[in-house]
Amino acid sequence: MRSKRDHGDLGMNKTANPDSDNQTAGNAPAENTYDSGDNGHTAEDGPLRSETSAPWRYPRVDRVILDKLERMQEFFAPEYYDLNSLSPTASSRFRWPPIVTRIPERPSRPSGSTSLKSQGLDAICESAKHPRPCRFLLPLRVAEQESKARIHFTQIARLARELNRTLVLPNVGKSKVGACFKWRMSTYYDVTSLSDEADSQDWFVELESFRTWLNDYDRQGQIKSQLVSIASALPAHTKFREGTVHSNPDISVLAYDAFGAWERDLPGCFSSKFQRLKLETLPVFMSTTSFTNRDGSIRPIGDSIVEAFSAVSSRIARKDPASYEIPVGVGGLNHSLVSSSETQVMVLNWDLRHPVFPASLPGQSLQYSKQMHDLATRHTPKDPYLAVQWRMETVDPEVLNDCAHALVDVLSRILHDSALAANITTVWFAGDYPYPIVKRVASQRRPAVVAKSGTFRDFEIRHEEAIQILQNAFDKQGELSAWRLTDFVDSLDMVTGAETDLMQDSGVFGILDKLVSIKANLFVSGASRCSRRRSSMQGMKGGVEVGSPIRGMLLISSDK
């Protein structure tokens with residue numbers, strides 16, 4: 001039988017508490033040690049403590065852990081995903097003493113910055129200047145790249161207006177749209193183009209202003225935030241509960257099976273930039289039905305999406321447990337009637353591939369920013385030019401050489417036609433080749449790779465060989481030697497100052513290539529065999545097809 005003995009019986013020198021008032025200056029605390037020799041210690045008592053081991057420290061449980069435990073208790077309650085739940089959880093209904101539901105926050109230290117509360121009239125919501133309620137839609141991530149991401153963002157803007165929520169403008173970078181990227185949205189786009197002349201711009205707000213509001217929000221209780229992910233298919237790695245939380249003919253709203261499963265798809269910056277958003281209010285996943293009609297046309301389902309968002313954001317919620325009246329000496333709680341509570345911040349994870357609202361509706365024409373137009377104008381050739389778009393990312397490497405020869409043939413036929421290519425002196429290359437299209441002499445060092453696409457990762461020798469065929473055609477002995485071949489990467493040597501960092505962004509390259517190509521006198525693009533199946537530049541305004549595909553290349557001419 002294990003004997004009962006105190007620390008003295010074990011021969012252990014008890015360490016003074018470093019935080020204790022009994023510790024005097026200059027007296028270092030003694031290590032916790034066991035006396036050597038036979039002191040009655042048995043194997044049942046566990047291993048002896050080493051003389052060099054650190055003193056025992058109790059595990060620390062802070063308010064973050066307690067808050068997470070509270071949210072876990074809510075999540076596993078039977079009625080958590082019941083949109084019509086009218087009562088608190090059964091486990092907390094007749095509990096005495098009452099469970100701890102909230103830890104008081106430490107008083108915030110005064111800062112040098114002026115809070116939104118002190119600004120009063122200029123606050124981003126519920127103020128004289130911005131009277132809209134503090135109800136926001138924050139697009140956390142838009143799955144596709146520019147320029148499809150631009151189209152999807154106009155759909156999100158439409159959704160925000162239908163929900164009567166202030167749209168938080170996410171950042172942009174690397175050809176994508178999302179809250180964790182480097183540049184403000186106004187770097188890529190003219191955000192004022194989201195509204196027409198008669199419309200107020202009060203319905204959207206910059207991301208940094210929203211983050212300031214989050215940090216300065218000092219009303220009682222936490223900000224209620226909710227994550228909604230929407231896609232056309234369920235993620236393979238995530239399990240959901242049986243049945244649906246809500247459904248309509250086009251949308252199924254599903255509940256997560258495991259607590260915290262929704263965090264897998266959150267971007268890395270979320271926990272640091274948006275600490276106040278706990279996503280504790282009913283995180284859900286929305287799955288859509290087929291978008292297409294029998295004739296293959298896209299069927300708008302925007303109204304169904306708006307209905308589903310409205311249903312999950314305005315659920316009947318329990319009153320804050322911290323506000324319950326607790327009668328002294330009574331073994332139960334005095335429950336108040338529940339109240340309708342709507343989520344303040346809806347965090348959106350958008351992974352759809354087709355528009356959900358009709359394209360003819362207002363708010364569908366998000367334009368590129370003045371900064372992008374100015375950069376394009378500065379680098380656009382001054383003389384008449386022909387633009388070539390060749391996106392090789394999805395092309396079978398086996399046909400790249402044939403496509404390169406086809407491109408040279410098309411260019412030769414066009415440029416040697418004095419009527420069609422009058423005064424053309426330059427060929428502008430707009431593609432996803434990550435090096436300057438202009439050949440470098442042996443003494444010139446090859447520049448570093450400049451990614452023009454965030455998804456083109458399988459660049460290999462056959463891509464190099466295809467580009468070399470094009471380059472050789474513009475050599476002194478080549479059939480296109482009378483014309484100059486150039487691109488944006490070649491013009492990076494002229495970029496200085498703050499623009500240097502900006503011009504390393506793949507999204508900026510893509511936008512500038514589009515803007516330069518739109519202004520071209522002639523435009524040549526790859527057909528489906530030799531380029532990406534669909535290009536945003538092939539359908540650009542001002543371009544008309546003047547010839548059928550020639551060995552994989554298609555000629556489009558400007559009508560100006």
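The values are calculated or read from the model by the stated rules, or taken from the named source; none is laboratory data. Given the structure is predicted, the values throughout are model-derived calculations rather than measurements. Quick reminder, even Gly has a Cβ in these numbers, built from the backbone with ideal geometry, and neighbours come from all protein chains shown. Ligands, DNA and RNA are excluded from the accessible area calculation, which covers all protein heavy atoms including side chains. Shrake-Rupley method; radii C 1.70, N 1.55, O 1.52, S 1.80 Å.
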Put a dot 7 Å past each Cα toward the Cβ at residue 365 and residue 208; how far apart are the dots in nm? 3.0 nm
Difference of contour (0.36 nm per residue) and Cα-Cα distance, residue 477 to residue 54: 144.5 nm
So for R0 = 60 Å, FRET eff. of residue 484-residue 261 from the Cβ-Cβ r, to 0.05, ends up at 0.60
On a full-extension model of 0.36 nm per residue, what is the gain between residue 164 and residue 398, subtracting their alpha-carbon distance, rounded to one decimal in nm? 79.0 nm
Please give the FRET efficiency for residue 66 paired with residue 237, using the beta carbon to beta carbon distance and R0 = 25 Å, rounded to the nearest 0.05. 0.30
Pairwise label distance in nanometres, residue 310 with residue 354, each label 7 Å out on the Cα-Cβ vector: 2.4 nm
Determine ³J(HN,Hα), in whole Hz, for all residues of region 147-159 in sequence, where each value follows from phi through the Karplus function 6.51 cos²θ - 1.76 cosθ + 1.60 and θ = phi - 60°; x replaces Gly and Pro. 9, 5, 4, 5, 5, 5, 5, 5, 5, 5, 4, 4, 4
From the cross-link list 174/239; 174/514; 129/370; 68/224, the entries with a Cα-Cα span beyond 19 Å are 174/239; 129/370
At a Förster distance of 25 Å, what's the computed FRET efficiency of residue 377 paired with residue 193, Cβ-Cβ distance as r, to 0.05? 0.85
With every protein chain in place, what's the accessible area of residue 224 (1.4 Å probe, Å², nearest 10)? 50 Å²
Roll a 1.4 Å probe over the protein heavy atoms and report the accessible area of residue 79 in Å², nearest 10. 30 Å²
For region 169-288, dividing by residue count, accessible area per residue (probe 1.4 Å) in Å² works out to 44 Å²
Calculate, in nm to one decimal, what residue 528 and residue 73 gain on full extension: separation in residues at 0.36 nm each, minus their alpha carbon distance. 158.4 nm
Any chance you could look up the accessible area of residue 291 with a 1.4 Å probe, heavy atoms only, rounded to 10 Å²? 10 Å²
For residue 83 and residue 504, extending 7 Å from Cα along the Cα-Cβ vector and measuring point to point gives, in nm, a value of 4.7 nm
